Amino acid sequence: MTSPSSYLLFIVFSFVFLPTHARNIVHGTCKLCSQQDPNVRYRFCTTSLEAASGSHHANIRGLGKISIHLIHENLTDTRSHIKKLMKNNVFKLNAFVKPRLDDCLELYSDSIIDIRSAMKNYKLKRYDEASLLISAVMDAATTCENGFKEKRKAISPLTKRNNVTFELAAIGLSLIRVIQSGIN
């Protein structure tokens with residue numbers, strides 16, 4: 001087991017000796033994206049991309065691919081979470097919540113197919129098609145959340161997850177716009 005002091009030393013060492021380009025690519029890209037898109041928060045963008053392996057060595061196109069991968073991971077995890085909520089009958093007494101969870105499960109299942117297609121299109125540099133599919137993912141997260149708002153005082157068990165999905169998709173779309181505009 002690594003001691004906290006040796007872990008801290010590793011972090012400091014990594015930061016000091018990491019090339020300037022590697023340190024700045026994520027921050028510069030997220031700064032640009034957050035300035036161009038009100039749905040992209042700088043801190044969320046940097047935290048999300050920096051947590052992904054390979055982000056410090058990636059160019060802008062590589063960050064786009066990483067962002068789509070993060071969306072896919074989030075969709076898969078959220079779909080599993082919804083299944084778990086339904087299986088454990090957490091809301092069995094609430095007849096309002098179960099149909100909404102069914103709807104969200106279908107939306108997230110469809111979104112996984114969409115994000116896989118988005119990645120294929122992205123790799124082929126079909127950016128308009130990839131953007132359209134990522135936009136559909138954003139819409140699915142919003143639709144899922146809005147389903148719970150149909151009833152006054154209803155609380156969505158998926159608010160945080162829907163928000164993360166929406167924000168990750170916003171980052172992906174913003175990166176594609178940067179690539180298309182040639183600002184890289």
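The values are calculated or read from the model by the stated rules, or taken from the named source; none is laboratory data. Not measured: the values here are computed from a predicted model. Cβ atoms come from the backbone with ideal geometry, glycine included; neighbour counts cover every protein chain shown. Surface accessibility is based on the protein's heavy atoms, side chains included, excluding ligands, DNA and RNA. Shrake-Rupley method; radii C 1.70, N 1.55, O 1.52, S 1.80 Å.
Tell me yes or no: at least one residue of the range 71-91 is touching a Pro at 6+ places or on another chain (Cβ under 7 Å) and either surrounded by 14 or more Cβ atoms within 10 Å (Cβ to Cβ) or not acidic (Asp, Glu) (or both). Walk me through it before giving the result.
First, pick out the residues of the range 71-91 that are touching a Pro at 6+ places or on another chain (Cβ under 7 Å): 85.
Now drop any that are not either surrounded by 14 or more Cβ atoms within 10 Å (Cβ to Cβ) or not acidic (Asp, Glu) (or both), which leaves 85.
Checked against the condition, which is being touching a Pro at 6+ places or on another chain (Cβ under 7 Å) and either surrounded by 14 or more Cβ atoms within 10 Å (Cβ to Cβ) or not acidic (Asp, Glu) (or both), the range 71-91 yields at least one hit.
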For the range 16-23, does any single residue satisfy the condition of being more than 19 Å from Gly182 (Cβ to Cβ) and modelled with pLDDT of 95 or more?
-> no
Could you list, in sequence order, the residues of the range 103-134 that are over 16 Å from Leu173 (Cα atoms) and among the aromatic types (Phe, Trp, Tyr)?
-> Tyr108
Output the qualifying pairs, or none if there are none: Cβ atoms under 8 angstrom, residues six or more apart or on different chains, first residue in the range 54-75 and under 15 Å from Asn163 (Cα atoms), second residue outside any loop (DSSP other than H, G, I, E, B) and polar (S, T, N, Q).
-> Leu70/Ser48; Ile71/Thr165; Asn74/Thr165; Leu75/Ser111; Leu75/Thr165
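Here is a yes/no grid of residues against (1) closer than 26 Å to Arg61 by Cα; (2) at pLDDT below 95:
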position: Val90; (1), (2): no, yes
position: Leu107; (1), (2): no, no
position: Arg116; (1), (2): yes, no
position: Lys123; (1), (2): yes, no
position: Leu132; (1), (2): yes, no
position: Ile155; (1), (2): no, yes
position: Asn162; (1), (2): yes, no
position: Arg177; (1), (2): yes, no
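Yes or no, residue by residue, for (1) among the hydroxyl-bearing types (Ser, Thr, Tyr); (2) over 15 Å from Asn74 (Cβ atoms):
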| site | (1), (2) |
| --- | --- |
| Lys120 | no, yes |
| Ala154 | no, yes |
| Thr159 | yes, no |
| Phe166 | no, no |
| Gly182 | no, yes |
Hey, Ile115 hits all of (1) in contact (Cβ under 8 Å) with a residue 40 or more places away in the chain; (2) within 20 Å of Thr159 (Cβ to Cβ); (3) buried (at least 21 other Cβ atoms within 10 Å of the Cβ) but one; which does it fall short on?
-> (2)
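State yes or no: is Ala154 touching a residue at least 40 places away in the same chain (Cβ under 8 Å) and closer than 21 Å to Leu49 by Cβ? Break it down into steps so the answer makes sense when it comes.
Numbers: touching a residue at least 40 places away in the same chain (Cβ under 8 Å): yes; closer than 21 Å to Leu49 by Cβ: no.
Here the answer is no, as Ala154 does not meet what is asked.
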State all residues of the range 140-184 that are open to solvent by 20 Å² or more (accessible area, probe 1.4 Å) and not in a helix (DSSP H, G or I); if no residue qualifies, say none.
-> Lys149, Glu150, Lys151, Arg152, Lys153, Ala154, Ile155, Pro157, Gly182, Ile183, Asn184
Is the range 92-108 home to any residue that is in contact with a Lys or Arg (Cβ under 6 Å, 6 or more places away or on another chain) and open to solvent by 20 Å² or more (accessible area, probe 1.4 Å)?
-> yes
Residue check, Lys65 at pLDDT below 95 and open to solvent by 90 Å² or more (accessible area, probe 1.4 Å) = no
Whichever residue in the range 51-62 is open to solvent by 70 Å² or more (accessible area, probe 1.4 Å) and in a helix (DSSP H, G or I) and, among such residues, is nearest to Asn121 (Cα to Cα) | His57
